[in-house]
Amino acid sequence: MHVDARYLDDNSLLEGDICIVGAGAAGISMAMDWNNSKYKVILLEGGGFEYDEKVQELYAGKTTGQPYFPLKAIRLHYFGGTTGHWAGFCSTFDEIDFKKRDWVPHSGWPIERKDLDLYYERAHPYIELGPYEYNAAYWLKQDPNFKALPLNDEIVWNKIWQFSPPTRFGEKYKAPIVQSRNIHLYTYANVVNIKANENVSTIEELVIKNYAGKQLRVKAKYFVLACCSVQNARLLLASNEQAAKGLGNDNDLVGRFFMEHLEMKSAELWLAEPDPLHFYMWKGLGETRVRAELAISEAKQTEYKILNGTAAMLPLSMGLQTRAFIDIYKINSEKTDLRQLSDTSKHVQLAKSIRDRAFMMHTRIEQSPNPNSRVTLDTDKDSLGMPRAMLNWELTPLEKRSMRKIYEIIGQEFGRASRGRVRLHDYLRDEKDFSWPSSTGGGWHHMGTTRMSEDPKTGVVDSQCKVHGISNLFVAGSSCFVTAGAPNPTLTLIALTLRMSDHVKSRISRRS
């Protein structure tokens, strides 16, 4: 069922078995996992079913450190969340992503890659993916046009990406949730405070507000924050009536370790002989089922002590036309002119002369977990009286060194195979230069801020995504990530959410 909270009586009390805050990929996936169960699920969405400028403005905030996109623009604040501008890229994390790496400070998850296999497979239908298969050999058999580059996979291997249509959660799951007998969706229901008991061991209720002037309360047995990395941290920090530093923040860790993927044009590949590289190409939204990207083996990452990342390829003419996202979304400006995406009047002659021989190489690399890269609260408040978020995005020399080394390794492999040469972009050539160009940007992949750890002194949630020290408060989504891996986070955050959902089910069934 669905209720617009703007039309409820002021001071209404909503009660259920479980309350999920946020109706994006994580929140909707979890709600659907409980659909048709005997439990009453309250699903809270701060916006409505369409974009609403008043609601979107609640996400505005400040950024410092490495230049970043405007906070108002990087997330969508309505039913379906940021899946409304998702491109559908999906891949699994690698085994090394979960390991403690002595060259990556603060790395090491309390779970292993194998702990997510079941949940990765369960996540596939939610985002309309194909078979749970990420082995290159399988996909090479599916299309006669697919051919792998003759590289040594013990050094450089083919990491598989599958592509969602992309699934727009707001469209696909609106009807099932509105028609559900046990899921109670409340739109225009912005959580502004989380209230705990006297010793802050249990959450008792949530406070909701909206711009219609209504204030409501929600009581449940279990609460799940499923907003996003910025908003999850903001809610915990702002809920400081019983805990002065904010909920779950006894060790000053909430909001820290904000991570992004650095997504940047980094090199050019010039082949010795023409090859369309069909196996490695992405043709556009809804047109590509699968492709490979070049990745560095775990052994080589360990040998060179570098971060995990991949190199995607696109025709050089297209790469030269496409501007960096950070240039399109000018700092402190939420307006985007789609005409800035490319200038098709340039490089046309170049395209004809180098077709199937020259490619732009585009990096997607994890950010090293950094406690100084963090979300905090501003003194400025939004229209509902909640402190706005401030983001300080901070990089380290490890990202720059890793990016350079990735292309050195790939270039050496192309040379060994006599297939071509790799030409680094200028900003990567000087080994002593750890500065970043103005085109430096991310993929709108917000991770960290409520990181997972079995020890409360090193993380905010435990291995089941429960907030340390609070019996009934859980966090869903990529804010629980310890490290960022190379893949886009959507598939992994849904898998992690489904794993947490199973845990809450087992707890609530024992309780009842």
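Odds and ends about this structure:
- Any chance Ile494 is in a helix (DSSP H, G or I) and either at pLDDT 95 or above or within 19 Å of the chain's Cα centre (by Cα) (or both): yes
- Matching residues, the stretch 80-106, being within 19 Å of the chain's Cα centre (by Cα), surrounded by fewer than 17 Cβ atoms within 10 Å (Cβ to Cβ) and outside any helix (DSSP H, G or I): Ala87
- In the stretch 169-188, residue farthest from the chain's Cα centre (by Cα) [restricted to those that are assigned to a loop (DSSP other than H, G, I, E, B) and within 21 Å of Tyr39 (Cβ to Cβ)]: Arg181
- Just one of the listed residues (Asp143, Asp94) is among the charged types (D, E, K, R) and more than 30 Å from Val375 (Cβ to Cβ), and it is Asp143.
- All positions within the stretch 146-166 that are closer than 19 Å to Phe79 by Cβ and buried (at least 21 other Cβ atoms within 10 Å of the Cβ): Ser164
- Test: residue in the stretch 455-471 that is closer than 22 Å to Arg364 by Cβ and modelled with pLDDT of 95 or more: no
- The residue of the stretch 146-168 that is farthest from Gln242 (Cα to Cα), among those that are β-branched (Val, Ile, Thr) and within 24 Å of the chain's Cα centre (by Cα), is Ile160.
- The stretch 6-36: number of residues that are over 19 Å from Cys228 (Cβ atoms), of a type outside the set (D, E, K, R) and surrounded by fewer than 24 Cβ atoms within 10 Å (Cβ to Cβ): 10
- Residue pairs meeting the criteria (Cβ under 8 Å; at least 6 apart or on separate chains; first within 16 Å of Val375 (Cα to Cα), in the stretch 50-68; second among the polar types (S, T, N, Q) and not in a loop (DSSP other than H, G, I, E, B)): Leu58/Asn190; Tyr59/Gln231; Thr63/Asn392; Thr64/Asn392; Gly65/Asn392
- Residues in the stretch 115-137 that are acidic (Asp, Glu) and either assigned to a loop (DSSP other than H, G, I, E, B) or assigned by TED's automatic domain parsing to the domain that holds Asn158 (or both): Glu128, Glu133.
Residue by residue, here is whether (1) modelled with pLDDT under 95; (2) surrounded by 21 or more Cβ atoms within 10 Å (Cβ to Cβ); (3) out of contact with any Gly (no Cβ under 7 Å at 6 or more places or on another chain) holds:
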site: Lys38; (1), (2), (3): no, no, yes
site: Phe49; (1), (2), (3): no, no, no
site: Asp52; (1), (2), (3): no, no, yes
site: Tyr78; (1), (2), (3): no, yes, no
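- Residue count for the stretch 453-475, restricted to those that are among the basic types (Lys, Arg) and either crowded, with 17+ Cβ neighbours inside 10 Å or over 16 Å from Pro369 (Cβ atoms) (or both): 1.
- Which numbered condition Glu273 misses (of (1) outside any loop (DSSP other than H, G, I, E, B); (2) charged (D, E, K, R); (3) not assigned by TED's automatic domain parsing to the domain that holds Leu496): (1)
- The listed residues are Gly441, Gly477, and the only one of them that is under 26 Å from the mean Cα position of the chain (by Cα) and either of a type in the set (Asp, Glu) or in the same structural domain as Arg507 (by TED's automatic domain parsing) (or both) turns out to be Gly477.
- Flag for Ile326 being assigned to a loop (DSSP other than H, G, I, E, B) and either at pLDDT 95 or above or among the β-branched types (Val, Ile, Thr) (or both): no
- Any hit, the stretch 133-154, residues being under 24 Å from Gly84 (Cα atoms) and of a type in the set (D, E, K, R): no
- Hits in the stretch 385-407 (condition: surrounded by fewer than 17 Cβ atoms within 10 Å (Cβ to Cβ) and more than 21 Å from the chain's Cα centre (by Cα)): Gly385, Pro397
The values are calculated or read from the model by the stated rules, or taken from the named source; none is laboratory data. As the structure is a computational prediction, the values presented were derived from the model and not from experiment. All Cβ positions, glycine included, derive from the backbone under ideal geometry; neighbour counts span all protein chains shown.
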